[in-house]
Each structure stands twice: as structure tokens, then as C-alpha cells.
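What follows is one structure encoded as C-alpha cells, with my remarks underneath.
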Amino acid sequence: MRLTVKELAERLGCPCEGDGGTVLTGVAALDKAVAGRGDLVFMAGPKFRPLLEATAAAAAILPPGEAFDRIPVLRAENPQLAFVRATGIFHPAAKPAPGVHPTASVAPTARLGKGVSVGAGCVVGDGADIGDGTVVHPLVSIYPRVKVGADCVLHSHVSLREGVTLGERVILHNGVVIGGDGYGYLKGGDGRYVKIPQIGTVVIEDDVEIGANSTVDRAALGETVIRRGTKIDNLVTIAHNVEIGENVLLVAQAGIAGSSKVGRNSILSGQVGVPDHIEIGENVVIAAKTGVTNDIPSGSFVSGSPHLDVRVWRKFWACAPQLYDLIKDVKKLRARVEELEKKD
Amino acid sequence: MRLTVKELAERLGCPCEGDGGTVLTGVAALDKAVAGRGDLVFMAGPKFRPLLEATAAAAAILPPGEAFDRIPVLRAENPQLAFVRATGIFHPAAKPAPGVHPTASVAPTARLGKGVSVGAGCVVGDGADIGDGTVVHPLVSIYPRVKVGADCVLHSHVSLREGVTLGERVILHNGVVIGGDGYGYLKGGDGRYVKIPQIGTVVIEDDVEIGANSTVDRAALGETVIRRGTKIDNLVTIAHNVEIGENVLLVAQAGIAGSSKVGRNSILSGQVGVPDHIEIGENVVIAAKTGVTNDIPSGSFVSGSPHLDVRVWRKFWACAPQLYDLIKDVKKLRARVEELEKKD
Amino acid sequence: MRLTVKELAERLGCPCEGDGGTVLTGVAALDKAVAGRGDLVFMAGPKFRPLLEATAAAAAILPPGEAFDRIPVLRAENPQLAFVRATGIFHPAAKPAPGVHPTASVAPTARLGKGVSVGAGCVVGDGADIGDGTVVHPLVSIYPRVKVGADCVLHSHVSLREGVTLGERVILHNGVVIGGDGYGYLKGGDGRYVKIPQIGTVVIEDDVEIGANSTVDRAALGETVIRRGTKIDNLVTIAHNVEIGENVLLVAQAGIAGSSKVGRNSILSGQVGVPDHIEIGENVVIAAKTGVTNDIPSGSFVSGSPHLDVRVWRKFWACAPQLYDLIKDVKKLRARVEELEKKD
């Protein structure tokens, strides 16, 4: 892919300055651009100005007002957003050719939309339905009656269990499991556990992305739901009957237990744990490693295990190393008070 | 599946009241039953009585003495247990037809029992032995000399490494790895790590269930053992030479390091960590996110990292937010004592 | 495999004592050796002397000076290291025969080195390059343009995403994912997240081993790097643009967020979490479950969440259970001071 600065500026809808004929061939980080290669860069904020001064890039995306004329400049209110779009233009995701690989096993009752690609070794079960333009990479397992929307990407070793539903433009990275049985048992009189059949399903809405080896369990009854636009990192686990709202971030190794709810626009950082039957409001931020212990109202920012308001948590840990000396101080003080009392 | 209330009551061995001819077609949650569909519900406890009053179900399982006659009622001492059994009757797990899919690669020296189903793309190694009635879903990898008992279910992308043994009725969800090498190295004189060959194996006893993408490592020497009836959630990891007793629950993302032992009927909640060479007794409860730091006697209930008796842990965290003020209070008190001492 | 004590001693370069003609057939733990089977054992330290006295082994590896003549003895400065080498001799890893299984799908443009084994159902993409002697177990997915060095072992259900690079003698256990997209989004004006294309790659250097179901994400731009000799346990996740130095240990379920760096010879214990853009020095030890909160200088030993110097952390937790009584003590003391002040 080769584009002049002017051509790129037109595609991005950005004004440009300097030599519009300069040829660009790709994107790079400010400090990793290679002279003569045609790299496009962007500057995320004023503190990177020294890197900009030194960059070997062929052109830069800068915010309005950032004076610079050594190389051609594209102007954008949000330079990173423009850079992301440029990245998509220069480095489009490679898409396998449509069609079903001869080693794939597709049930005769499955329906494949237009332009679907089914890779080598894939297995598509009875009554499955794959939407137009969806890419199923090799060695994906799709159980019977699964519904996958249009323009999804399923990477190798994804498992979609019986009857689960994905919306459109869903991206599942390698090893993701959607619809494994929820973890539900009854303790019998003899101390043995009796499995509670997990006969519900999972619904993943549009534009959800799920990272490698994460798991979303099917509901016991009803549905586990991940609403549109939510982004889930690697090795996250979501239990049966959970509901995750729109545009939520669940960072790596977070875990959410049965029937809990997370409101929209909330962020659960890495290794956060949420027990069962908890309600987390909207626009909540939960710091890394937090162990949630009860419901969290909308707009909260919490940390710690048990979780505390982040300000309380910070104040506590700023003091914690003083506890040892405090105990000694109180002991001494008691001795002094005793001394005073004796004299009294 | 359609059953009258009377037919179902007979299969469950429950007395029933009201119109025994009412037709049932499935199960539902109290508040999700649909009028006219023939849903069976149960009431878990008195607090759900308002949901019972409003339910659109066709029949309900209730404990003895719970007066209700708007719809037919089945009586059971443990309504949820009866409901679980009814669920199994109305929604039996779909079982693939027996036989070996033509795209599976089964070694000529492998032995398959009666009624075994081996799905598309599966690989079964030399000398493997699969018990009667076991279902091997597509894309499962069974290494040489593995033994799988009767009536197991192995979901897609399960890996059973060389020589591991599963008992009967074991359920492994998608992506489970049994028998990966234990994590064992020696530091050589040059600072590099030398791999300790992991030549032991894994034994999983009857009625164990393991959730999606969990891993159980093979022993360095000897066996890693999971005893009968233990239930393991998603993304749990069990290291080499660990022994887990009978009827243990290991909730999601728990991790147990090398050579540790967990006694029977214990419960390790989500994201619990157990270091190596630890002994955890029987009937122990470990709260979510606990970082175990030493042996735990039978019957304990612990929480925190480092772990504490749960009462100590609760008392501590109830006080913790007061530490900041306490430090200020002690400072003020010291000033007042100094004042008194001066006057003295 | 049968070797006399003398033959084994020669292969290990160890002196031996006692009957050099004694036949050995394998290795065992001191307390698990079986009489008459020809087991070789070693003693890790003086506290195991009672087990040595009682062992049913045919021969033992002991350090110089450890008097024992009931069975033949091999002498080694580091008995465990000699035992590890003996284990490798008696129990060499089974290696599948070279060649490509007929059910594998190998792109015509892929290059396979000499003696490569590609198992059943594997998929090798366009332009992939697999080094001499590498074993690819069944059902591995290798995307286009991947480079794998010589003598690697890739276990079933490994995914190597487009363009990633592995050095020599790399071992990846089942379900490992190398090169999934990094977790990077921009928040658009409408509150929705825009995916930042992840167009970088992953480089795994020589002698790295990665445990089951762990994940290493590709860089947004540039490379995620794991340097030579680093050993990674199960269910670990490493985010985009991370750099892990040489001979690092990352124990099970550790997680490292974007762009962080870990210096060589450091050890991150189980369930440790490292946020993004953190620098961890060389020879750092991070205790299990630690939540790192800022950069850690070389040579540190830290614990807790937020992390503290391990001595501070231990002192704090030794005192923590006293906080409840301390608060009461301070209250009483204040009353006594008030009393004194009144009298004053």
C-alpha cells in the first residue's frame, strides 16, 4: 500500500500541510520510524515533542496549533484516532478467501452466508447458521444450532457450544469458549454433588471482542448476556447468568461469578474478582486485583479486597506501614499515662 | 418431551396435588415461566413466595406445608433437587451418535469401547483406551496410552497428554488440558534453568467435572490426583504432584502449586492461590481471592492474603479505614500527655 | 532402558561406589522406590536421611561426604542436577516420527525443515517456516508467515498467529496462544470503543517454555519479546509490547499488562499482577498474589497489593490482627488522659 500525504488526508478527511506528494507506506511509533521508508507517525501529547523533533518519519498527524514544518503534517483534533484509521488503511487485516476448506466438516443442515470462510479442520454442527462475510479460522468447533452474525472473526480453537448466539462483527481470539456449562451443583445427602443441568444459553451482542482463552458459561436457565461493544481481554471468565452491559471493559484474568450484573461503561481492571449475585452500576471503575464484596453503585471507583472507595483504600495503605510503630507508640504512651496516674 | 403432572410425579417419586392431567413441557425460573407453555418451576425458599404467587407456570415443586393450590403442586423435601431431576428428564443432554467420524485419526492400537462417539477431527494415539459410552466431541487430542473410563464427556479442544487416566463419568469442558508438564527447573551454575523431566502422570477419578480451559499438570515423578466427585470450575490450574480429595470444589481461577494437598469436602473459592507443599485439611472453606500462606487445619474458614481466620480478617477490615484517624489521634494524645508531663 | 551403575556413572561423569554391576532401570522418589525394580534415587538434603535409610532403591546419588554403603552410590556436588540428567537418560521424551500426517493441511508455500513432524489435523499457513527437528503435535494451528526455530515442541491446540517468531528449543504446552491481538481501544466521542489495529508481532527467543493455555499478545506496533531461557507456567497472560528478559520465571496465572518490562533473572510468583508501563529490574522476586503498583528496582523482594518491600509487608501483617484492640486501647487511653486533664 502506497499513498501520498494528500491522498491519505482525503481518505481521513484531515487538512494537510507541506508536500502533499510525499509517499507514505505504513505507520510507525514516533521513535521507531525508519528514514526513507515512508512512515506515518502521530504525537499523543506535548511531552512527546522531543521524539517528534527527532523522528525519521515521512509525515506526522498533529493536533491543530502544534507548530511543525520539517515534514508534511496532517491535522486532527484526535491524532491517535486518525492514526488508528490510517493504520487500518495501510495494514488491513488479512482475510482468508471465502469458501469451505475441503478438510472442514460442515453439517448438511448448517447454513453459511455469502462470502463465509471456513478454515481447515473446522467442524460446524447441525442447524448452525453463519452470517455473511464471517471468517472461521482453522480448527474452530461450532456445535449444533449456534448462530453467528455477519462479519465476525473466529480464531483457531474457538469453541461455540450448542445453541449460543453471536451478533455481528464479534471477534473471538484463539481458544475462547462460549457456552461451557455453568458451575452449578447441589450437595446431596451423602455429601456428593449433583450436577444442576445447565440448559440456558449465551448471547453475545454486536461488536464484542473477547481475548484468547477466555470463557463465557451458558446460563443454568435463561441467558448469559454480553451487550454490544463490550471488550474482554485474555483469560477472563464469566459465569452462568451474568449480564454485562454495553461498552464495558473487562481486563485480563478478571472473573465474574454467577448471576452478577455489570452496568454499561464500567471498567473492571486485571485480575478483579466479582462474587455471585452482585450488582455493579454504570460508569464504575474497579482497580486491578480488587476483590468485590458487595454491590457497587454507579460512578464509584473502588480498590482492594475487600473493596473500598479508592480514596479510603489509598489513605489506608499510605498509613499501613506505620502500624508497627503505632503499636509501640501506644504502649509507651500507656506507660507514660500510668506514670502520671501514679503521681496523681 | 411432554409429561403430565402425574407422570412426572411418578418418575420423581413425589406426591402431587391438583390436576394431575396438566401437561408439562419443560422447566423455567419462577419469574420466567411463560403462560400456556407448560413450564414447571420450584420455589427455593419462603422469600420467593411473591414470585410464586405471580408465576405463569403450569405446575410447581414445593416443600411440604407450603400451601398453594392455584396450579398443580409436586411435593418434595428438597424442591431444588427434585427440580434438577425434572430438568434432566425434560432436557436430556444431547448425545452425539456412536461411531468414529471419518475425519478422526484413531491409531490402530487404540481401543474404543461400545457406543463410543469420536467426533470430527479427533486424534486418538497409540494404545489409548476409551471406555463404553464415552463421548469425544470434535477436535479432541488424546495422546498415546491415555485411559478414559466409561460414560465420560470430552468437549472440543480437550488435550489428554500421554498416559493420563480418567475414571468414569468424568466431564471435561472445552480446552481443558490434563497432563501438561509440571513447572519444574533447576538453576544451573550459569544462571540458566535446566528442565526437570516430568515423567509422572495424572489420575482423575470418577465423577469429576472440570471447567473450560483449566489445566492439571502431570507429576514430576508419581501422580497428580483428583479424587472422585470433585468439581473444578473454569481457568483453574493444578500443579504437579498435587492431591485433591473427594468432593472438593475449586472455583474459577483458583491455582494450586506443586505437591500441595486439599482434603475432602473443602471449598476453594474463586481466584484462591495455594503455594507449594501446603496441606489443607478436610471441610475447609477458603474465601475468594485468599492467598494461603501455610497449612490449614480441617474445619477452618479463612480469608485474606496472607490468610487469616475469617473472623480475624473481618474484624481487621472493619477497623482498617480508621487507621488514618487513629494515627492522628495518637499524635494528639501524645501531645496532651507531654503537656501533662510538663505541668507535673 | 537398562544401565549398570557403572555405565550410568560414566554417562553422568560421576564417581561411583559399591557394586558397579547393579542394574538400574529408572528413577524414583526416595520413598517411592520399589524393591527389585532397579530404581535410582537421590537425596536432596540432610533432612531426607531417614528416607534414604529406608529406601528400596537399587542405587542413590549422594553428595560427597554423605556416608552410605547399603546400596551403590553415585557422587555428585549437585545430586538433583545429576538425577535430572539421569531421568533424561532413562525416560527420554517420546518423539513422534518425522513426516506430515495425511490429515494435516500444509500450505504449498510453507517450508518444513529436516526431520519435522507435523501431526494429524495440523494447519500450517502460507509462508510458514518450521525448523529442523521440530515436533508439531496434532491439531496445532500455525497461521501464515510464522517462523519456528529448530527442535521446538508444539503441543496440541497451540495457536501461532500470523507472523510470530519462535527461536530454537522452544516448548509450548497445549492451548498456548502466541500473537493474539493486544487489548487496545480508543474511546470514541459516542462512548463506543474503536479497536486499535494490532499490527506488531511476538518474538520468543531460544529455550523458552510456556505452560498450558497461557497467552502472549502481539504488539500494537513493534514486538512483544520473551528473551532466551525464560520459563512461563500455565494460564499466564502477557500483553502487547511487553519485554521479558532472560531466565525469568513467571509462575501460574501471573499477568503482565501492556508495555511493561521485566529484567533478567527475576521471579514473578503465582497470580502476580503487573500493570501497564511498569519497569521491573533484574533479580527481582515478587511474592505470590502481589499487585505491583509502580516500578521495582533491581534486587528487590516485594509482596502485597499494593506491593511493599517484603519486610515491611511481613511486619505489617504480623501487627494487623492487633488493630481492633489498638483502637480500643487508644480510646481507653484518651479517657484516662481526659481524666488526668480534669484533675489537673
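Quick one: which residue in B:Lys331, B:Lys315, B:Lys342 is without any contact (Cβ under 8 Å) to a residue 12 or more places away in the chain, more than 25 Å from A:Trp317 (Cα to Cα), of a type in the set (D, E, K, R) and part of a helix (DSSP H, G or I)? Don't jump to the end; show me each part of the working.
Details: B:Lys331 fails: more than 25 Å from A:Trp317 (Cα to Cα); B:Lys315 fails: more than 25 Å from A:Trp317 (Cα to Cα).
Among B:Lys331, B:Lys315, B:Lys342, only B:Lys342 is without any contact (Cβ under 8 Å) to a residue 12 or more places away in the chain, more than 25 Å from A:Trp317 (Cα to Cα), of a type in the set (D, E, K, R) and part of a helix (DSSP H, G or I).
Hey, any hits in the stretch C:136-150 for a residue that's part of a loop (DSSP other than H, G, I, E, B), of a type in the set (S, T, N, Q) and under 21 Å from A:Pro138 (Cα atoms)?
Initially, the stretch C:136-150 is screened for residues part of a loop (DSSP other than H, G, I, E, B), giving C:137-140, C:143-146, C:149-150.
Subsequent filtering for residues that are of a type in the set (S, T, N, Q) retains none.
No, every residue in the stretch C:136-150 fails to be part of a loop (DSSP other than H, G, I, E, B), of a type in the set (S, T, N, Q) and under 21 Å from A:Pro138 (Cα atoms).
Could you list, in sequence order, all residues of the stretch B:1-40 that are closer than 22 Å to A:Ile199 by Cβ, touching a residue at least 40 places away in the same chain (Cβ under 8 Å) and out of contact with any Asp or Glu (no Cβ under 9 Å at 6 or more places or on another chain)?
B:Met1, B:Leu3, B:Leu8, B:Ala9, B:Arg11, B:Leu12, B:Cys14, B:Thr22, B:Leu40
Applying the selection to the stretch B:309-319, what residues are more than 7 Å from chain C (Cβ to nearest Cβ) and either open to solvent by less than 60 Å² (accessible area, probe 1.4 Å) or of a type in the set (Lys, Arg) (or both)? First the steps, then the outcome.
Initial filter on the stretch B:309-319 (more than 7 Å from chain C (Cβ to nearest Cβ)): B:309-311, B:313-314, B:317-318.
Of everything in the stretch B:309-319, those that are more than 7 Å from chain C (Cβ to nearest Cβ) and either open to solvent by less than 60 Å² (accessible area, probe 1.4 Å) or of a type in the set (Lys, Arg) (or both) turn out to be B:Asp309, B:Val310, B:Arg311, B:Trp313, B:Arg314, B:Trp317.
One residue is enough: does the stretch A:126-137 have a residue meeting the conditions at the interface with another protein chain (Cβ under 9 Å from one of its Cβ atoms) and open to solvent by 20 Å² or more (accessible area, probe 1.4 Å)? Steps first, please.
Going residue by residue through the stretch A:126-137, those that are at the interface with another protein chain (Cβ under 9 Å from one of its Cβ atoms) are A:137.
Next cut, open to solvent by 20 Å² or more (accessible area, probe 1.4 Å) only: A:137.
Yes, the stretch A:126-137 contains at least one residue that is at the interface with another protein chain (Cβ under 9 Å from one of its Cβ atoms) and open to solvent by 20 Å² or more (accessible area, probe 1.4 Å).
A quick yes/no check of all residues on (1) over 23 Å from the mean Cα position of the chain (by Cα); (2) assigned by TED's automatic domain parsing to the domain that holds C:Ala29; (3) of a type outside the set (A, V, I, L, M, F, W, C); (4) farther than 30 Å from B:Lys187 by Cβ:
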{"position": "C:Ile71", "(1), (2), (3), (4)": "yes, yes, no, no"}
{"position": "C:Arg75", "(1), (2), (3), (4)": "yes, yes, yes, no"}
{"position": "C:Asn78", "(1), (2), (3), (4)": "no, yes, yes, no"}
{"position": "C:Phe83", "(1), (2), (3), (4)": "no, yes, no, no"}
{"position": "C:Leu112", "(1), (2), (3), (4)": "yes, no, no, yes"}
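Output yes when any residue across the stretch B:185-198 is in contact with a His (Cβ under 8 Å, 6 or more places away or on another chain), within 13 Å of chain C (Cβ to nearest Cβ) and under 20 Å from B:Asn241 (Cα atoms), and no when none is. Spell out how you get there, then give the answer.
Of the stretch B:185-198, the ones in contact with a His (Cβ under 8 Å, 6 or more places away or on another chain) are B:197-198.
Subsequent filtering for residues that are within 13 Å of chain C (Cβ to nearest Cβ) retains B:197-198.
Within this subset, residues satisfying the condition of being under 20 Å from B:Asn241 (Cα atoms) are B:197-198.
Yes, the conditions are met somewhere in the stretch B:185-198.
Looking only at the stretch B:253-264, filter to residues that are part of a strand (DSSP E or B) and either under 21 Å from A:Gln271 (Cβ atoms) or open to solvent by less than 10 Å² (accessible area, probe 1.4 Å) (or both); which one of those is nearest to the other protein chains (Cβ to nearest Cβ)? First the steps, then the outcome.
Within the stretch B:253-264, the first condition is being part of a strand (DSSP E or B), and the residues that meet it are B:255-256, B:261-262.
The next check asks that each one be either under 21 Å from A:Gln271 (Cβ atoms) or open to solvent by less than 10 Å² (accessible area, probe 1.4 Å) (or both); those that pass are B:255-256, B:262.
Working: B:Gly255: 5, B:Ile256: 9, B:Val262: 15 Å.
Among them, the one singled out is B:Gly255.
Considering each of C:Leu250, C:Leu235, C:Leu268 in turn, give the residue that is open to solvent by less than 10 Å² (accessible area, probe 1.4 Å), at the interface with another protein chain (Cβ under 9 Å from one of its Cβ atoms) and within 30 Å of C:Ile196 (Cβ to Cβ). Show your work before the answer.
Working: C:Leu250 fails: at the interface with another protein chain (Cβ under 9 Å from one of its Cβ atoms); C:Leu268 fails: at the interface with another protein chain (Cβ under 9 Å from one of its Cβ atoms).
So the residue among C:Leu250, C:Leu235, C:Leu268 that is open to solvent by less than 10 Å² (accessible area, probe 1.4 Å), at the interface with another protein chain (Cβ under 9 Å from one of its Cβ atoms) and within 30 Å of C:Ile196 (Cβ to Cβ) is C:Leu235.
Could you tell me whether any residue of the stretch C:321-328 is within 28 Å of C:Pro197 (Cα to Cα), more than 9 Å from chain A (Cβ to nearest Cβ), modelled with pLDDT of 95 or more and surrounded by fewer than 20 Cβ atoms within 10 Å (Cβ to Cβ)?
Step one: list which residues in the stretch C:321-328 are within 28 Å of C:Pro197 (Cα to Cα), which gives none.
No, that holds for no residue.
Consider A:Glu209 carefully, then state whether it is within 11 Å of chain C (Cβ to nearest Cβ), open to solvent by 40 Å² or more (accessible area, probe 1.4 Å) and under 24 Å from C:Gly258 (Cβ atoms).
Values: within 11 Å of chain C (Cβ to nearest Cβ): yes; open to solvent by 40 Å² or more (accessible area, probe 1.4 Å): no; under 24 Å from C:Gly258 (Cβ atoms): yes.
No.
Please work out which one of (1) at pLDDT 95 or above; (2) surrounded by fewer than 21 Cβ atoms within 10 Å (Cβ to Cβ); (3) under 30 Å from A:Arg228 (Cβ atoms) is the condition C:Val177 fails and give its number.
(2)
Let's see how each residue does on (1) of a type in the set (A, V, I, L, M); (2) closer than 30 Å to A:Val194 by Cβ; (3) free of Cβ contacts under 8 Å to residues at least 40 places away in the same chain:
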position: B:Val116; (1), (2), (3): yes, yes, yes
position: B:Gly119; (1), (2), (3): no, yes, yes
position: B:Pro138; (1), (2), (3): no, yes, yes
position: B:Lys147; (1), (2), (3): no, yes, yes
position: B:His157; (1), (2), (3): no, yes, yes
position: B:His173; (1), (2), (3): no, yes, no
position: B:Tyr185; (1), (2), (3): no, no, yes
position: B:Gly188; (1), (2), (3): no, no, yes
position: B:Val203; (1), (2), (3): yes, yes, yes
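Give me the residue from the stretch B:155-169 that is within 12 Å of chain A (Cβ to nearest Cβ) and more than 22 Å from C:His91 (Cβ to Cβ) and, out of that set, most open to solvent (accessible area, probe 1.4 Å). Walk me through how you get there before you give the answer.
Taking the stretch B:155-169 first, the residues within 12 Å of chain A (Cβ to nearest Cβ) are B:155-159, B:169.
Cutting the leftovers down to more than 22 Å from C:His91 (Cβ to Cβ) gives us B:155-158, B:169.
Details: B:His155: 13, B:Ser156: 0, B:His157: 9, B:Val158: 0, B:Arg169: 95 Å².
Filtering first and then ranking leaves B:Arg169.
Please go through the stretch A:188-206 and pick out each residue that is open to solvent by less than 10 Å² (accessible area, probe 1.4 Å) and assigned to a strand (DSSP E or B).
The answer is A:Val202, A:Ile204.
What do you reckon, is A:Val284 open to solvent by less than 10 Å² (accessible area, probe 1.4 Å), closer than 17 Å to C:Val274 by Cβ and either among the basic types (Lys, Arg) or in the same structural domain as A:Ala252 (by TED's automatic domain parsing) (or both)? Give the steps one after another, and end with the answer.
Values: open to solvent by less than 10 Å² (accessible area, probe 1.4 Å): yes; closer than 17 Å to C:Val274 by Cβ: no; either among the basic types (Lys, Arg) or in the same structural domain as A:Ala252 (by TED's automatic domain parsing) (or both): yes.
Criteria not met by A:Val284.
The values are calculated or read from the model by the stated rules, or taken from the named source; none is laboratory data. What you are looking at is a predicted structure, and each value in this text was computed from that prediction instead of being measured. Heads up, the Cβs are rebuilt from the backbone with ideal geometry, glycines too, and the neighbour counts pull from every protein chain shown. Ligands, DNA and RNA are excluded from the accessible area calculation, which covers all protein heavy atoms including side chains. Shrake-Rupley method; radii C 1.70, N 1.55, O 1.52, S 1.80 Å.
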